[in-house]
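Trainee: Right, I'll just put the structure down here and ask away after.
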Amino acid sequence: MKLTPAQKKARRARRRWLKKQGPHWQANHASVYSHGHTLEQKLEVLKQQGFKCANPGCTFSTPEPSATLTEWCFDHDHSCCSGSRSCTRCRRGLLCHGCNRALGNIHDDVDRLEGLAKYVKACKKRLAKSTVARSTAPLAQVTIVHASPIADGTDIVVTVQEVVR
């Protein structure tokens, strides 16, 4: 769709106006539009969570969060509200970006999430076993072809024929 010159002018004026409002206003507007919470209310939720991600298995925290709180995402049940908007019924807490993306990518499927946890644990066990087995094996086999003392008799010069791993 091609814009008329008047529409282009109106769009430029709106962009200039938005830029003048600053990042705090823009973040607050986005939070209210998408989740019905102001930044102050979002900060209160974060305080209730102890400035930590709502995921108990996550270590992300911000004792001094940014003024716009952009490092935090409202988690909500996507089966209730589609898209990026949420209501008070489906809002669950604040997640860090990593946890929010992970949960979004599996579409809140608990079985899938538990399966991934089992998969990662099994891989870590298998890796730990192979590391132990590998660490007990000799690192290299060296065949010494010739060894002779240096003139002062303190060291030995060794000629290595091959190194087998």
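Trainee: Of all residues in the range 27-61 being surrounded by 16 or more Cβ atoms within 10 Å (Cβ to Cβ) and among the hydrophobic types (A, V, I, L, M, F, W, C), which is nearest to residue 92 (Cα to Cα)?
Mentor: By that ranking, first place goes to 54.
Trainee: Could you pull out the residue among 76, 24 that is in the same structural domain as residue 99 (by TED's automatic domain parsing) and surrounded by 14 or more Cβ atoms within 10 Å (Cβ to Cβ)?
Mentor: Sole residue among the options that is in the same structural domain as residue 99 (by TED's automatic domain parsing) and surrounded by 14 or more Cβ atoms within 10 Å (Cβ to Cβ): 76.
Trainee: Can residue 54 be described as touching a Gly at 6+ places or on another chain (Cβ under 8 Å) and either of a type in the set (A, V, I, L, M) or assigned to a loop (DSSP other than H, G, I, E, B) (or both)?
Mentor: yes
Trainee: If a residue has to be in contact (Cβ under 8 Å) with a residue 24 or more places away in the chain, over 11 Å from residue 74 (Cα atoms) and not hydrophobic (A, V, I, L, M, F, W, C) to count, how many in the range 34-54 make the cut?
Mentor: Residues flagged as in contact (Cβ under 8 Å) with a residue 24 or more places away in the chain, over 11 Å from residue 74 (Cα atoms) and not hydrophobic (A, V, I, L, M, F, W, C) within the range 34-54 amount to 1.
The values are calculated or read from the model by the stated rules, or taken from the named source; none is laboratory data. A quick note: this is a predicted structure, and the numbers were derived from the prediction, not measured. Don't worry about glycine lacking a Cβ; one is built from the backbone with ideal geometry, like all the others, and counts go over all protein chains shown.
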